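K.L.:
Take a look at this one; I'll ask things after.
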Amino acid sequence: MRYRHVARGASVARAGCVRSPASGCPAAERFPVSIESSVKPSVARVVAFSGSAKRPSRTRVLVEALGTELGRLRPIDMTVYDLLDAGPGLGATQRDDLSAPAAQMIEAIEGADALIVGTPVYQGGYAGLFKHVFDFVDPVRMAGMPVALTATGGGLRHALVVEHGLRPLFGFFAAHIAPTSVYAGSDDILDGRIVDQGVAARAERRGGGACRPDHRRADRGGRRVPLTRYSPASPPALDAEPDHAHARGIMSGSPITAGKAAPLPATYVTASGLPRYNPVAQALHWLTAALVLAILPLAWVAISLPPSPAKGSAFVLHKSVGLTILAIVVLRIVWRMIRPAPPDPQAPRLLTLIGRINHWLLYAIFLIMPVSGYLLSALSGRDTPYFWLFTVPGLPKDDAAQKVAESIHVAGQWFVYALVVLHVAGTVWHLVIRRDGLLERMLPVQDGRGAAR
């Protein structure tokens, strides 16, 4: 399939072919169309290759998405190929024996200014026919070519193929490989479109900045060559910002970048690639959890004791811890407005929604319970002691209002139990069943990497 992306204000001299390479488009129309000489930069030839033998396919959707985002930022002429475009002639063992469609596809890859490749992952490896295509490609023609890597698979573990399979392959060709990649699982692309927001955002970032096709040019003979002699030490014209999130869900210690330490993103990541909460948010979270675990048994003890000084002390502790929780939750909300939470892990959308609702309901109940508890005490006309340090002034005695506060406080405890159990159950599910490293997001750094900004 041929796509035209021309920069705003550019005047196109003639239209390009918009049919599939296998549809019989005349050869003259299968090369980049010209634009007026006054338009700079010139239209770059971008080839997006999907190593899938199916159509439609999730892999083709992903490579097209990257190309579309690239075309929004600069003028390109993109051609999309998959294995079906090569036809049965791709089974040849020598390049001279390739059928015309297969040979045309190889030549288009070699003559591109930039390449976007994608492969479905089977049993922990890239597709065999995907590799067979690049067995015919001349390494000299690939040297210095910007290449963006993508892959699709059924599970998150298949994302390792990008680092351990695709990156070494194109490193052999001495291509300029984008330092990050985009991987999509089985639930991320449905009905021919990317439905996962995280994958869509990474495709937008990688498509917009993954490669700069204008760093290659054509010599007088028409062959594409690098602007400068390729050196493995020469910096590629690529987006230098690492995207660790593409490795989410991979076991601890898996490589994120190739061969070098990459600068950390704004929110540092866990060993499994998930963005970590900043230290202040972590401290407030665990402090809240500890106080909630303390206040519940204090309430049970205070209610069960007979009238005695011990009963009064238990109620003082219960009220004091409740007021502390109120202050911390207010601080957490303010801090979250100042420093938003890192992106949500890529769990199923329904479970992600349930998690968000549970999170905000916990905030709400941890505000309602201390306030109703304070009113229950203050509306009796007495001051409320805070850890025997000072007292919070009471309110005028009001029996009717006090009964309302008591009803809210007593009923609210059941919401606390339910929401806390749901929150813990969700964490256990991520930890034991999904094993995606979610809990590590709320833990201090364990692997020696730096702190968040």
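The values are calculated or read from the model by the stated rules, or taken from the named source; none is laboratory data. All figures in this text were calculated on a predicted structure; none of them were measured in a lab. Virtual Cβ from ideal backbone geometry, glycine too; neighbours counted across all protein chains shown.
K.L.:
Identify the residue in segment 346-381 that is outside any helix (DSSP H, G or I) and closer than 30 Å to ALA184 by Cβ and, among all such residues, is modelled with the highest pLDDT.
P.N.:
The selected residue is PRO348.
K.L.:
For residues that are surrounded by 22 or more Cβ atoms within 10 Å (Cβ to Cβ) and among the acidic types (Asp, Glu), scanning just segment 83-125, find the one that is modelled with the highest pLDDT.
P.N.:
That would be ASP113.
K.L.:
Of these, VAL147, VAL137, which one is outside any helix (DSSP H, G or I) and free of Cβ contacts under 8 Å to residues at least 40 places away in the same chain?
P.N.:
Within the list VAL147, VAL137, the selection yields VAL137.
K.L.:
Also, I was wondering about something else. Condition first: basic (Lys, Arg), in contact (Cβ under 8 Å) with a residue 60 or more places away in the chain and in a loop (DSSP other than H, G, I, E, B). Can you find one or more residues in segment 442-450 that meet it?
P.N.:
Yes, the conditions are met somewhere in segment 442-450.
K.L.:
Take segment 283-300 and flag every residue that is over 14 Å from LEU419 (Cα atoms) and among the aliphatic types (A, V, I, L, M).
P.N.:
ALA283, LEU284, LEU287, ALA290, LEU291, ALA294, ILE295, LEU298, ALA299
K.L.:
All but one of (1) surrounded by fewer than 19 Cβ atoms within 10 Å (Cβ to Cβ); (2) more than 19 Å from PRO279 (Cα to Cα) hold for PRO340, so report the exception by its number.
P.N.:
(2)
K.L.:
Kindly indicate the residue of segment 253-304 that is of a type in the set (Ser, Thr, Tyr) and within 23 Å of the chain's Cα centre (by Cα) and also modelled with the highest pLDDT among those meeting that condition.
P.N.:
TYR277
K.L.:
Still on this structure, I have one more. Hey, ALA102 hits all of (1) more than 19 Å from ARG60 (Cα to Cα); (2) in contact with a helix residue (DSSP H, G or I) (Cβ under 9 Å, 6 or more places away or on another chain); (3) free of Cβ contacts under 8 Å to residues at least 40 places away in the same chain but one; which does it fall short on?
P.N.:
(1)
K.L.:
In this structure, is VAL43 closer than 20 Å to MET145 by Cα, buried (at least 21 other Cβ atoms within 10 Å of the Cβ), at pLDDT below 90 and of a type outside the set (Ser, Thr, Tyr)? Give the derivation first.
P.N.:
Values: closer than 20 Å to MET145 by Cα: yes; buried (at least 21 other Cβ atoms within 10 Å of the Cβ): yes; at pLDDT below 90: yes; of a type outside the set (Ser, Thr, Tyr): yes.
Judged against the criteria, VAL43 is a match.
K.L.:
Can LEU431 be described as exposed (fewer than 14 other Cβ atoms within 10 Å of the Cβ) and out of contact with any His (no Cβ under 8 Å at 6 or more places or on another chain)? Please lay out each step first, then the result.
P.N.:
Values: exposed (fewer than 14 other Cβ atoms within 10 Å of the Cβ): no; out of contact with any His (no Cβ under 8 Å at 6 or more places or on another chain): yes.
Here the answer is no, as LEU431 does not meet what is asked.
K.L.:
Give the residues of segment 150-166 that are crowded, with 21+ Cβ neighbours inside 10 Å and in a loop (DSSP other than H, G, I, E, B), sorted by residue number.
P.N.:
Selection gives GLY153 alone.
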